[in-house]
Amino acid sequence: MKTKITLLLTFLFIGLNFGFAQQDEECMTKLSIFHEYTKAKNYDAAYEPWMAVRNKCPKFNNAIYVDGEKILEHKIDKATGTDKVALINDLLKLWEQRAEYFASKTPKGEYAAQAAQLMYDNRETLGKSNEELYNSFDSAYKLDKASFTNPKSLYTYFSLMVDLYDAGKKPASDLFNKYDDIVEKVEDEVKNYSGKLNKLIEKEDAGTALTSKEGKYKRFYESYLKAYDQISGSVDAKLGGRANCENLIPLYQKDFEENKNNAVWLQRAAGNMSGKDCTDDPLFFKLVNAYHEISPSANSAFYLGILKDKEGNSSEAISFYKQAISLETDSFKKAKLNNRIGLKLKSRGSYGQARSFFREALKLNPSNGRPYLSIAAMYAKSANNCGQSNFDKRAVYWLAAAEARKAARVDPTQKKNAAKSVANYNAKAPQKSEIFSSGRAGETIKIGCWIGASVTVPSI
């Protein structure tokens, strides 16, 4: 009896597998066909076999959704009117199906933001209002902030908020809160990609060549850092004068009592007032002291340093700046603090001290080239004061150019700025004819004053 049952189950199992195998074979054949067409960018030919597999075997392979996205985007670009609307809606549906059948390969925030961006890019065709579109982006952000990382979508999200504010449909508090959200999110992503790029830069600096795979990753990280740098500037430009002292001070004054024990609110308010140079107003003093009292931190200590600077008390300011650095445990944020302090000291002509902070910033985050450009600018500014002869003074520009070149090497966002700086400094340094007539080619010149460095006269 047991033998008969076993045989029956075996035949049933084989029969079921045969049925599935037939279905899989048909789907596999058509998948292979549409995938080859897609690789060849023959999307029109790919459409029919792709739809057949999508409808019959939606769980079969993620290629249905990866290739399907390309196929539908191609058809959307060519379509008009109601056909275009139908195709856009089908792409939105495709992403929903992908999330249903391949959830682990479909980050929620990423694809929800992608859907919102598609609707935004086709807003006239779809008849979508700014409010509807903003709500789509807002839902995506709240659904899964971690995977909502696309630079273009982050900018679109904020841009819609500004448009709604201008139309009187969002209050100033919402505008500035969303600005803070986006700025912090962009900084998180810059930190992420900078950390990955730093490891590769450190490997190169140690004299080890990158593998082919690492080289590809390096270009990938650089492209994202450039995109976030561009978006960061665009977000600030879109906000424009809306975040001036005339708007910020009454808003934060009105909300201070309600938020005086809210460390996040105090930090953001103080940060925005500092960023917009509203630090002369008594409200900044109130914000900073309240923030430092309930949550002593790197940021609060830095703002206290700004207050001491405003009072003309440089030594106490430096003390608070150093305290800020000691309180910060995150190396990326510590690098940022060192750079900000360096900029403060640079602006008041304390070049030697500023350079120390810039160099520390570079140790902590070597893929940020801005400190190199700041050091280069200080060298150039000191050329007249650091050298015995006119030739030696102008030789300082070679040092400045060398620092600017370092910025171009490590930081994809500063390549153009660095190239302009290098050209400018080299034009001010002794030229070939002067080197020839001086007879000093190959000579090492010691640069005195605060610079305390040497430079070799180029050979001609």
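Where a number appears in this text, it was derived from the coordinates with a stated rule and is not lab data. Computed from a prediction, not measured in an experiment: that's the story for all the values here. Here Cβ is always computed from backbone atoms with ideal geometry, including for glycine, and neighbour counts include all displayed protein chains.
Taken along the Cα-to-beta-carbon direction at a fixed 7 Å, the label points for Glu96 and Lys56 span 2.5 nm. Dividing the mean sequence gap of close Cα pairs (under 8 Å, 6+ apart) by how many residues region 109-219 holds gives a relative contact order of 21 percent. Divide by every residue of the chain the summed helix terms, -39500 (n - 2.57) for each DSSP H run of at least 4, and state the resulting mean residue ellipticity at 222 nm, rounded to the nearest 500 deg cm²/dmol. Using -39500 (n - 2.57) per qualifying helix, the result is -25500 deg cm²/dmol. First select every other residue whose beta carbon is under 12 angstrom from the beta carbon of Lys78; then total the charges, Lys and Arg +1, Asp and Glu -1. Here the charged neighbours net out to -2. Measuring gaps between exposed loop sites in the chain (trypsin sites (Lys or Arg not before Pro); DSSP loop; at most 11 other Cβ atoms within 10 Å), the longest gap, sites not included, is 60-460.
Remark: region 155-280 projects, on average over all directions, an area of 9.9 nm² (convex hull of Cα atoms).
Annotation: the residues Ile88, Ile460, sorted from fewest to most other C-beta atoms within 10 Å of their own C-beta, follow the order Ile460, Ile88. Taking amide H as placed 1.01 Å from N in the peptide plane, Thr456 has its amide H under 5 Å from the amide H of Ile445, each at least 5 places away in sequence or on another chain.
Look at [x] 201; [y] 248; [z] 176: the one that is volume of the Cα convex hull per residue in Å³ derived from this structure is [y]. Between Gln253 and Ala209, the FRET efficiency estimated from the beta carbon spacing at R0 = 51 angstrom works out to 0.35.
Here, P(r) means the percent of Cα pairs in each 10 Å bin from 0 to the largest distance; for region 343-448 it is 16, 42, 32, 10, 0.
Cα centroids of region 393-459 and region 42-109: how far apart, whole angstrom? Centre-to-centre distance over Cα atoms comes out at 56 Å. Taking label points 7 Å from Cα along the Cα-to-Cβ direction, Ser319 and Ala63 give a separation of 7.0 nm. Here, region 388-460 yields an orientationally averaged convex hull projection of 5.1 nm² when only Cα atoms define the hull. Sorting Tyr224, Tyr303 by the number of Cβ atoms found within 10 Å of their own Cβ, with the fewest placed first, yields Tyr224, Tyr303. Among Ser300, Ser421, the ranking by other beta carbons within 10 Å of each residue's beta carbon, starting with the fewest, stands as Ser421, Ser300.
According to the Cα-based calculation, Rg over Rh for region 383-430 is 1.07, with Rh computed by the Kirkwood formula.
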